[in-house]
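So the structure is just underneath, and the comments pick up after that.
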């Protein structure tokens, strides 16, 4: 089952789900829009917290402003916002495992023309799925490679 805005807010009020940096305006009827905090561009040595122009044919990654905490009975799914897809940005995201906590690093590719990527803009929608039962072992117990990450982790 996909959670609604009412359910998301209720779980946050109960302390079962957390979105540090939560903004009411980012809440959607069935998810939450994640905000860009910093940007890394392929071939660079630094991450940026200002507008970055991505040339065509270039891979880049963004980290989310939000730090999320998922319980053992909720998983997340990520979708690029159509605003970016319409500018030629392609992205392939995965699931957010039950029990994960941290900032998210989102990977994307610019296909056709220069695109400005500004921190503070929303980039992807996070959709919450209620699992039928709690996972036996959560993310930290299965792999945990990115557990607790802050900023961009490649």
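Quick check: anything in region 141-152 under 15 Å from the mean Cα position of the chain (by Cα), in contact (Cβ under 8 Å) with a residue 60 or more places away in the chain and surrounded by 14 or more Cβ atoms within 10 Å (Cβ to Cβ)?
yes
Scanning region 21-36 for residues that are in contact (Cβ under 8 Å) with a residue 40 or more places away in the chain, touching a helix residue (DSSP H, G or I) at 6+ places or on another chain (Cβ under 8 Å) and farther than 16 Å from residue 75 by Cα turns up 22, 28, 35.
Return the only residue of 61, 75 being at pLDDT 95 or above, part of a strand (DSSP E or B) and over 22 Å from residue 30 (Cβ atoms). It would help to see each step written out before you state the result.
Values: 75 fails: over 22 Å from residue 30 (Cβ atoms).
Every option except 61 fails the conditions.
Number of residues in region 116-145 that are at negative phi, in contact with a strand residue (DSSP E or B) (Cβ under 8 Å, 6 or more places away or on another chain) and assigned to a loop (DSSP other than H, G, I, E, B) equals 4. Only one of the listed residues (117, 74, 89, 80) is within 18 Å of residue 8 (Cα to Cα) and surrounded by 13 or more Cβ atoms within 10 Å (Cβ to Cβ). That residue is 74. The single condition from (1) closer than 20 Å to residue 138 by Cα; (2) crowded, with 19+ Cβ neighbours inside 10 Å that residue 105 fails is (2). The set of residues in region 9-20 being exposed (fewer than 15 other Cβ atoms within 10 Å of the Cβ) and touching a residue at least 24 places away in the same chain (Cβ under 8 Å) consists of 16, 20. Considered as a group, the residues in region 78-96 that are assigned to a loop (DSSP other than H, G, I, E, B) and at pLDDT below 95 include one that is farthest from residue 27 (Cα to Cα), and that residue is 92. Name the single residue that is surrounded by the most Cβ atoms within 10 Å (Cβ to Cβ) among those in region 124-137 being in contact (Cβ under 8 Å) with a residue 60 or more places away in the chain and over 16 Å from residue 94 (Cα atoms). Looking at residues that are in contact (Cβ under 8 Å) with a residue 60 or more places away in the chain and over 16 Å from residue 94 (Cα atoms), I get 135.
Of everything listed in (1) at pLDDT 95 or above; (2) under 23 Å from residue 48 (Cβ atoms), the single unmet condition for residue 112 is (1). Check region 41-54 and report whether any residue there is within 23 Å of residue 21 (Cα to Cα), within 15 Å of the chain's Cα centre (by Cα) and either touching a residue at least 60 places away in the same chain (Cβ under 8 Å) or in a loop (DSSP other than H, G, I, E, B) (or both). No, there is no match, as no residue in region 41-54 is within 23 Å of residue 21 (Cα to Cα), within 15 Å of the chain's Cα centre (by Cα) and either touching a residue at least 60 places away in the same chain (Cβ under 8 Å) or in a loop (DSSP other than H, G, I, E, B) (or both).
The values are calculated or read from the model by the stated rules, or taken from the named source; none is laboratory data. In this text, all values refer to a predicted model and were calculated from it rather than measured experimentally. Glycine gets a Cβ as well: all are built from the backbone with ideal geometry, and neighbour counts include every protein chain shown.
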